[in-house]
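Inspection log for the structure reproduced underneath, given as structure tokens.
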Amino acid sequence: MNETPTCGQAGGEKDKQALQDRLAKIRHALIVLSGKGGVGKSTVAVNLATSLSMKGFNTGLLDVDIHGPSVPTLLDLRGKMPAVTAEGIQPVECWPGLKAMSVGLLLGSEDQPIVWRGPMKGNAIKQLLVEVMWGDLDFLVVDCPPGTGDEPLSVAQLLSGKSSGIIVTTPQQVATTDVAKCVTFCKSLQMPVEGIVENMGTFVCPHCGKETNIFSHGGGLKLALRMNVPFLGNIPLDPEIVESGDTGKPYVYHNPNSKTAQRFEEIITEIVGKYSGPSLKQRSDQSELPQDRI
């Protein structure tokens, strides 16, 4: 006897198919994690996404920090509401090559809190992945809240099979201890770890440009060696990065020749090298060439 699916089952299958259709257009997802707040994770995520777009990769930036979204501020997107149509939600285009989406863009006011428990957050993240019309992407960079709770877990499970983790830390022991938990979190979900980024371990003098050690340094490298994961590099504490975040101007976009921007470039080069092949734009340009020139 054939059983007719219930409305709930039919809706679930429809969402599942819609999710598969969206994800089929995303080449790879980079999930940016941290063990603690205040380590500069969102700043790193925004500048990594910007660097990818500057290298010609079609890039999406998804902010799933439901209770404290930072992407609207860091990209000066406050007040820019995404277009919502019958087909889905159109992400905000920052410039050609970079699109962004955040729960913070869907709120009536940036002062409005979101008071949700775990299941509601998981459903919201799923709907963002199902309904946002990213189109064809080389990379989707996902900015998660600190820790290994509902949001990182939901994202990692929904993007299973085409995602990897980037873990941001400061060099202090209190931060690196929790980063070890992030590494274990990724491994427990069989999600590859691209590596650890140490942030704010050194200071760049705004007058002479000299880089010096502050507080402690080297904690990220030591942890990477202990946890047997790659060390992607260190990003210095640069006053101009702080200013660029406050004004919503991605640092690497406006300071491409600086020492700090070069660090982001080195990290991106390390990651992109693992995913061989031309960008979607390069493949599109190549397909338009006469066959005898390919």
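Against the longest principal axis of the chain, how steep is helix 41-54, in degrees 0 to 90 to the nearest 10, with axes from Cα atoms?
Tilt relative to the chain: about 80 degrees.
Compute, for the chain, the length of the dipole vector about the Cα centre, with Cβ point charges of +1 (Lys, Arg) and -1 (Asp, Glu) only. Units Debye, rounded to 20.
Details: 27 positive and 31 negative charges, 124 e Å.
Rounded to the nearest 20 debye, it is 600 debye.
Positive end of the charge dipole of the chain (Lys, Arg +1 and Asp, Glu -1 on Cβ, about the Cα centre): tell me which of Ala86, Met227, Leu74 has its Cα farthest that way.
My answer, from the dipole projection, is Met227.
Restricting things to alpha carbons, tell me how big the stretch 159-207 is in terms of Rg and Dmax, in Å.
13.6, 46
With unit charges on the beta carbon (Lys/Arg positive, Asp/Glu negative), name the residue among Pro256, Met133, Pro239 whose Cα is farthest towards the positive pole of the charge dipole of the stretch 22-275.
In the stretch 22-275, that residue is Met133.
Determine which aspartates and glutamates satisfy two conditions relative to Lys274: a Cα distance under 12 Å, and not lying fewer than 8 residues away in the same chain.
Within the straight-line limit of under 12 Å, Lys274 reaches these aspartates and glutamates: Glu194.
Taking 8 Å as the Cα distance limit and 6 or more residues as the minimum spacing, I'd like the relative contact order of the chain as a percentage. Mind dumping the intermediate values first?
Details: 526 pairs, mean separation 69.1, N = 294.
Result for the chain is 24 percent.
What is the helix-to-structure angle for 259-272, meaning the angle in degrees between its Cα long axis and the longest Cα principal axis of the chain, kept from 0 to 90 and rounded to the nearest 10?
For helix 259-272, the angle is close to 40 degrees.
222 nm [θ] for the chain, helices only, -39500 (n - 2.57) per DSSP H run of 4+, per residue, to 500? Could you put the intermediate results ahead of the total?
Numbers: 11 runs with 118 residues, N = 294.
Per the formula, -12000 deg cm²/dmol.
What distance in nm separates the two pseudo spin-label positions at Lys210 and Lys187, each 7 Å out from Cα along the beta-carbon direction?
4.1 nm
Sequence-distant or interchain residues sharing an amide H contact under 5 Å with Val193, placed H: which?
Amide H neighbours of Val193, under 5 Å, 5+ apart: Gly165.
Counting only residues 5 or more places away or on other chains, whose amide H sits under 5 Å from the amide H of Ile26 once H atoms are built in the peptide plane?
Correct list: Leu137.
Could you run the Karplus curve 6.51 cos²θ - 1.76 cosθ + 1.60 with θ = phi - 60° over the stretch 130-146 and give me ³J(HN,Hα) per residue in whole Hz, x for Gly and Pro?
Going residue by residue, I get 6, 9, 6, 8, 5, x, 7, 10, 6, 9, 10, 8, 10, 8, 9, x, x Hz, with x marking Gly and Pro.
Of all beta bridges DSSP finds with both residues in the chain, what is the antiparallel percent, to the nearest 5?
On the way: 8 of 41 bridges.
The antiparallel fraction comes to roughly 20 percent.
With springs only between Cα atoms under 10 Å, which of Val193, Val242, Val141 fluctuates most in a Gaussian network model of the chain?
Per the Cα network of the chain with a 10 Å cutoff, Val242 tops the list.
Can you tell me the 0 to 90 degree angle between the C-alpha axis of helix 7-23 and the longest principal axis of the chain, rounded to 10?
40 degrees
Give me the log10 of I(q) over I(0) for the chain at q = 0.09, 0.12, 0.13, 0.16 Å⁻¹, as the Debye formula computes it from C-alpha points; what are the numbers?
-0.44, -0.78, -0.91, -1.35
Only the coordinates and a few stated rules stand behind these numbers; no lab work does. Please read these numbers as outputs of a predicted model, since none were measured by experiment. Heads up, the Cβs are rebuilt from the backbone with ideal geometry, glycines too, and the neighbour counts pull from every protein chain shown.
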